[in-house]
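The values are calculated or read from the model by the stated rules, or taken from the named source; none is laboratory data. Everything quoted here is computed from the prediction, not taken from an experiment. We place every Cβ from the backbone using ideal geometry, glycine too, and count neighbours over all the protein chains shown. All accessible areas refer to the heavy atoms of the entire protein, side chains included, with ligands and DNA or RNA removed. Shrake-Rupley method; radii C 1.70, N 1.55, O 1.52, S 1.80 Å.
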Amino acid sequence: MEISLCSDCFQDPGLRMDAERVGIEADGACPVCGSATGRKLDQQLIASVARSFFVWGTMSRSDYGAAPIVQFNEHQKTSIDAPPWLEPDLRRIEEATGFGFFLYGPRLWMVGGVEPLEALQDPAQREPVIRRIVAEYPAGTLAAGEVFYRIRKGPARPDDAAQYDSPPAAGGGRLDTPDNPVMYGSQDLQVCIRECRVTAEDELYVASLAATRDLKLLDLTHLLYEEHVTEFDSVDMAVHMLFLAGPHSYEITRLIAQGARAAGYDGVIYPSYFSLLRTGGMPFETAYGISLRRFPQAAGYERAKIIPNLGLFGRPVREGTVAPRGINRIVLDRVEYGIRFGPVGFDREPWRPEDFSEEPSEA
Ligand SMILES: [Zn+2]
């Protein structure tokens, strides 16, 4: 290992902690700052720290999609201004690696410039795209006997299985409408708890439920393989962005649920909004400006970033399509966050696809 820098080379507290996390213990003094105790970094580890701190650490969400505000490579000179405590660190990274840091011009698709997604936002154009989604995504099965979980905050009668059925007043969630109630659940208990947006004060209960027959579900977590299609006309990218977006997307996801129900499905399997927080996955990762979802060899990697949730149509407990295995009280005894740092001073208004006059070139 050829040491180029160490964690003690840095002044910015967050960058220093990121470098401590990534760097390795090695004997000897750092060639730059002389520290014997700093965690050592070679070129590859510096690139990894820089990517985490400057790229991931400036990730900015738009209505759909997200893109980093800062990017770096070995071809450009540094053109960003850093706060005074970070400035010397930036110089040290530059000198040690030749990397230049600059404001990134995202590709249009990264911030929601995806044709099927734009069509879905337009009531006059969305119908055919919804039909395509229902037709092209594969059917998945929740097999009879397979267990999943449903969490309730402070139910009136915690021991009554009916309390864990679809909520009586449907229409407020990601998939449900007044005429299409949906029971939400997941096989990942951690995600269930996050989806409920619980606090330490909440009285929490979990019902372990199992399907009483094989349930046929539209699997929206599938990576749709599309030939001769770019991100700009990708239905896969549209659906991926849709389920990682907030409540402004519900109007659309509810229509997909209605379409699936009309096509005879018992429900849908959909990507949890909290997938990336649960798996630590980076949103909308690219290689050379192309989404990793487009590379068949990265399919397993991308799939592993997504946590599937279940949305079952109707009132499955009352209808008997799922049966409770038991109900338990949940006590949260520890909450832990994974933390990365980023620089300050790089906030900006979210990108909007309509602000792009033309497709910007990859820097
Ligand atoms: Zn050092």
What's the longest piece of the chain with no exposed trypsin sites (Lys or Arg not before Pro), counting a site as exposed if DSSP puts it in a loop and it has at most 11 other beta carbons within 10 Å? 198-333
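May I ask you to give the solvent-accessible area per residue for the chain, in square angstrom, as obtained with a 1.4 angstrom probe?
Working: 17640 Å² over 363 residues.
With all protein chains present, the chain gives 49 Å² per residue.
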Using only the Cα atoms, work out Rg/Rh for the range 111-330, with Rh taken as the Kirkwood radius, to two decimals. 0.97
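Sort LEU5, LEU255 by accessible area with a 1.4 Å probe, largest first. The partial results should precede the final answer.
Values: LEU5 0, LEU255 55 Å².
Sorted by accessible area, descending: LEU255, LEU5.
Could you size up the charge dipole of the chain around its Cα centre, putting +1 on the beta carbon of Lys and Arg and -1 on that of Asp and Glu, and report it in debye to the nearest 20? Please list the in-between numbers first.
Working: 37 positive and 52 negative charges, 242 e Å.
The calculated dipole for the chain is roughly 1160 debye.
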Could you pull out every one of the lysines with an alpha carbon less than 27 Å from that of LYS216, ignoring same-chain neighbours closer than 8 positions? LYS305
Degrees between helix 250-262 axis and first principal axis of the chain (Cα, 0 to 90, nearest 10): 40 degrees
Anchor LYS153: aspartates and glutamates whose Cα lies under 16 Å away (excluding residues fewer than 8 positions away in-chain): ASP165, GLU195, GLU201, ASP202, GLU203
Quick one: which residues, 5 or more positions from SER60 or on another chain, have an amide H under 5 Å from its amide H? H modelled 1.01 Å from N in the peptide plane, none for Pro or chain starts. ALA67, ILE69
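Could you give the length gained by full extension between THR141 and ARG51, i.e. 0.36 nm per residue of separation minus their alpha carbon distance, to one decimal place? Before the final figure, lay out the partial values.
Details: separation 90, 0.36 × 90 = 32.40 nm, distance 3.87 nm.
Here the segment from THR141 to ARG51 would lengthen by 28.5 nm.
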Do you know the relative contact order of the range 111-330, to the nearest whole percent, from alpha carbon pairs under 8 angstrom that are 6+ apart? 31 percent
Enter the Cα centre distance for the pair the range 63-92 and the range 155-173, rounded to the nearest angstrom. 48 Å
With all protein chains present, the chain has a carbon and sulfur share of its accessible area (1.4 Å probe) in percent of 50 percent
